[in-house]
1. Take the Cα atoms of the stretch 182-331, build their convex hull, and give its volume per residue in Å³.
2. Under a cut-off of 16 Å between alpha-carbon atoms, report the lysines in cross-link reach of LYS206, not counting same-chain residues fewer than 8 places apart.
3. With label points built 7 Å along Cα→Cβ from the Cα atoms of ASP56 and TRP104, find their separation and express it in nm.
4. Could you give the C-alpha radius of gyration of the stretch 83-238 expressed as a fraction of 2.2 N^0.38 Å, taking N as the number of residues it contains?
5. Leaving out ligands, DNA and RNA, what percent of the accessible area of the stretch 92-227 is carbon and sulfur, probe 1.4 Å?
6. Across 5 Å bins from the origin, how do the percents of Cα pairs in the stretch 28-125 run, short distances first?
7. Around VAL176, which amide H atoms from residues at least 5 apart in sequence, or from another chain, sit under 5 Å from its own amide H, with H modelled in the peptide plane?
8. Would you mind checking the tilt of helix 130-141 against the longest principal axis of the Cα atoms of the chain, expressed as 0 to 90 degrees and rounded to 10?
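The values are calculated or read from the model by the stated rules, or taken from the named source; none is laboratory data. Please read all numbers here as calculations on a predicted model, not as lab measurements. Cβ atoms come from the backbone with ideal geometry, glycine included; neighbour counts cover every protein chain shown. Side chains included, ligands, DNA and RNA excluded: accessible areas come from the protein's heavy atoms. Shrake-Rupley method; radii C 1.70, N 1.55, O 1.52, S 1.80 Å.
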Amino acid sequence: MMKGFTVPFPNRRTFLAGAAALAATRPAFAAPRTLTIASLFGDDKPETMIWHRIRDRVEAKLPGQFSFRIVRNAALGGEKEVAEGIRLGSVQGSLCTASVLSAWVPELQLLDLPFLFRDAAHLERVLAGATGTRLRAALAARNFIAPAFINYGARNLLGKRELLTPGDIKGLRIRVIQSPLHTELWLSYGANPVAIAIPETYNALKMGVADAMDLTLSAYAGFKLYEVVPCVIETRHIWASGVVYFSKTFWDSLSPEQQVVFSDAAKEGAQSFNTLIKADEAASLAQAQKAGAWRVSPNELPAWRAGARKVWDVYAPTVGGMALIEEIEAG
């Protein structure tokens, strides 16, 4: 008869030592890193929908590593306030118009030159080339990491009545974004520009602080501005460019692999944004017209363009020279 043998059960010290050794061989499971993302609008607008897409792309590539806290409806302030947060690192990501960021990156004013770009395709071609590369580098030098440009659509003049010629806006108080170039543009037509942040614009127009403004169609309905400036004058004087951008402090904390994922997600998100904005413009215009807004075409286009050329002359030294401007115009 064979003698059996038994495996001795380890004592408590041996067991704990073995468990510790096993745990050391397993990867640590850290909690997701929370990112604060600022949006001026609610979930139904492209400005927020793009972040849902970016979030989902990042999660697919880097599962469990990041949690997106999307703060909607301008709860963190307008674009200028959010940009300050991006620079300080308290906000990790957002969208911003080139107009507002030009306060820190004057070269971006190239994209705001009135009547320079013929259409969205023209703007996209320019940003896909050397000009886009140069502007992204200028942004990075000021602590803004912008993997992708976006197109908010054309800016149109909005009035309480029809404003068809430059003479019609002479002497009017016109709300402008917080950008010297936009101030210069409306001064060239004899208007009185008043810089007002977008969340405050509705009340300013309602109370008579401003008489008119310009904006994209998507944002027009988003802020219900058709209630106070119901006439859309389709000047299409500026194609409103913007960026998907991140805090440099946040970006520098990412690994090279993570940076690639976020960059690719931003670029894909930008493409979807540009598609969504076109559909949103149509829906926004329909919403505004249903509420009583109407649209008209401007008269005296040569006079409008003459005012724009004055702005080109003023800003040419800042944005790269008149030769560059004329090259883009002809492209």
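1. Numbers: hull volume 25.4 nm³, N = 150.
Convex hull volume per residue, Cα atoms: 169 Å³.
2. Straight-distance partners of LYS206: LYS160, LYS224.
3. Roughly 3.0 nm, to one decimal.
4. Working: Rg = 16.0 Å, N = 156, 2.2 N^0.38 = 15.0 Å.
Normalised by 2.2 N^0.38 Å, the Cα Rg of the stretch 83-238 equals 1.07.
5. Values: 2410 of 4560 Å².
Result for the stretch 92-227: 53 percent of the exposed heavy-atom area is carbon or sulfur.
6. 2, 12, 17, 18, 18, 16, 10, 4, 2, 1, 0, 0
7. VAL194, ALA195, ILE196
8. Computed tilt is about 60 degrees.
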